[in-house]
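K.L.:
Structure incoming, see below.
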Amino acid sequence: MATSIFCSLLLLFFLSCVTSSDQGNTYLNSSRIVSRATAEKQSHFRFYFHDIVSGPNPTAITLAEAPGTNTSATLFGLVVMIDDLLTTGPENNSRSVGRAQGFYASAEIEKMGLLMAMNFVFTDGKYNGSTIAILGHNEFLSPVREMPIVRGSGLFRFARGYVQARTHWLDQNTHDAIVEYNVFVNHY
């Protein structure tokens, strides 16, 4: 009997400690331990990004320029909004798998470098409606550029990883480009 009373008092003590410590956190809706029993997997995607700045239907348009952008060797201050096609191959008639939506901005004064902030929005197959978010530095004249995956949605919720970009084709006159993206994404 004494043991059961002691256990009851001990349980009440622990419950009062937990209750009193959570009372100050009125903004906390729930808290739980997340199990790592769910298998994390890494997927590798390769697709092509069609950045079209010329012609009657551009997919990349200038949003802003700084007063000195046109006289800057690096186009510092240029901001471009994109809604670029993502395809399985470099050809324009390759199967579409989604869109790259966001912006890039010339963010370096002394060399060519972009700040890239974009979502890969999938529109095909199993990944339709899912996104992968990219935010990083793109020194676009380098043969290979690496940028981080900062998160995702849908099947890529809690995603992390990186992308590697390689210019497949660049028109020196119009600045239209096709860029190969290899995406290495860890997700559940």
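K.L.:
How do Tyr181, Tyr162 stack up against each other in accessible area, from largest to smallest, with a 1.4 angstrom probe? Each step should come with its number before you reach the end.
P.N.:
Details: Tyr181 0, Tyr162 75 Å².
Largest accessible area first, the residues go Tyr162, Tyr181.
K.L.:
So with the 1.4 Å probe, I'd like the accessible area per residue for region 31-156, rounded to whole Å².
P.N.:
Working: 7240 Å² over 126 residues.
Each residue of region 31-156 exposes 57 Å² on average to a 1.4 Å probe.
K.L.:
Let me ask you something else. If Rh is defined by the Kirkwood formula over all Cα pairs and Rg also comes from Cα, what ratio Rg/Rh do you get for region 36-188? Show your work: numbers first, answer last.
P.N.:
On the way: Rg = 15.8 Å, Rh = 16.0 Å.
Ratio of gyration radius to Kirkwood radius: 0.99.
K.L.:
Find out how many positive minus negative residues lie around Ser106, taking Lys and Arg as positive, Asp and Glu as negative, among other residues whose Cβ is under 15 Å from that of Ser106. Can you show the working numbers first?
P.N.:
Working: positive: Lys111, Arg145; negative: Asp51, Glu65, Glu108, Glu110, Glu139.
That works out to -3.
K.L.:
I've got another one for you. Going by accessible area, probe 1.4 Å, with all protein chains left in place, what is the ranking of Thr167, Thr87, Thr59, Thr38, largest first? Kindly include the intermediate steps, with their values, before the conclusion.
P.N.:
Values: Thr167 65, Thr87 0, Thr59 30, Thr38 85 Å².
Per-residue accessible area, sorted high to low, gives Thr38, Thr167, Thr59, Thr87.
K.L.:
Further question: Take the alpha carbon gyration tensor of region 123-188, find the square roots of its eigenvalues, order them as a ≥ b ≥ c, and report rounded if a/c is under 1.5; if not, report prolate when a/b exceeds b/c, else oblate.
P.N.:
Numbers: a/c = 2.93, a/b = 1.79, b/c = 1.64.
Prolate, because a/c is 1.5 or more and a/b exceeds b/c.
K.L.:
Let me ask something additional. Within region 81-188, list the trypsin sites (Lys or Arg not before Pro) lying in a DSSP loop whose Cβ has at most 15 other Cβ atoms in a 10 Å radius.
P.N.:
Working: sites: Arg95, Arg99, Lys111, Lys126, Arg145, Arg151, Arg157, Arg160, Arg166; in loops: Arg95, Lys111, Arg157.
When the trypsin sites (Lys or Arg not before Pro) of region 81-188 are filtered for loop state and at most 15 Cβ neighbours within 10 Å, Arg95, Lys111, Arg157 remain.
K.L.:
Scan around Ala66 for amide H atoms under 5 Å from its own, H built in the peptide plane at 1.01 Å from N, and keep only partners 5 or more places away or cross-chain.
P.N.:
The answer is Leu78.
K.L.:
Tally Lys and Arg at +1 and Asp and Glu at -1 over the other residues with C-beta under 12 Å from the C-beta of Gly89: what net charge comes out?
P.N.:
The answer is 0.
K.L.:
Sticking with this one: Whole-Hz ³J(HN,Hα) for each residue in region 83-97, computed from phi via Karplus 6.51 cos²θ - 1.76 cosθ + 1.60 with θ = phi - 60°, x for glycine and proline: what do you get?
P.N.:
After applying 6.51 cos²θ - 1.76 cosθ + 1.60, I find 9, 8, 5, 10, 10, 6, x, x, 6, 4, 8, 5, 4, 7, 10 Hz.
K.L.:
For a quick check: with amide H placed at 1.01 Å from N, whose amide H comes under 5 Å from Ala159's, ignoring anything fewer than 5 positions away on the same chain?
P.N.:
The answer is Gly152.
K.L.:
While we're looking at this one, here's another question. Would you please name the GluC sites (Glu not before Pro) within region 56-114 that are DSSP coil residues with at most 14 other C-beta atoms within 10 Å of their C-beta?
P.N.:
Numbers: sites: Glu65, Glu91, Glu108, Glu110; in loops: Glu65, Glu91, Glu108, Glu110.
Listed in order of number, the matching sites are Glu91, Glu110.
The values are calculated or read from the model by the stated rules, or taken from the named source; none is laboratory data. The structure displayed is predicted, hence computed values, not measured ones. Note that we place each Cβ from the backbone using ideal geometry, even for glycine, and neighbour counts take in every protein chain shown. Note: areas computed on protein heavy atoms with side chains; ligands, DNA, RNA excluded. Shrake-Rupley method; radii C 1.70, N 1.55, O 1.52, S 1.80 Å.
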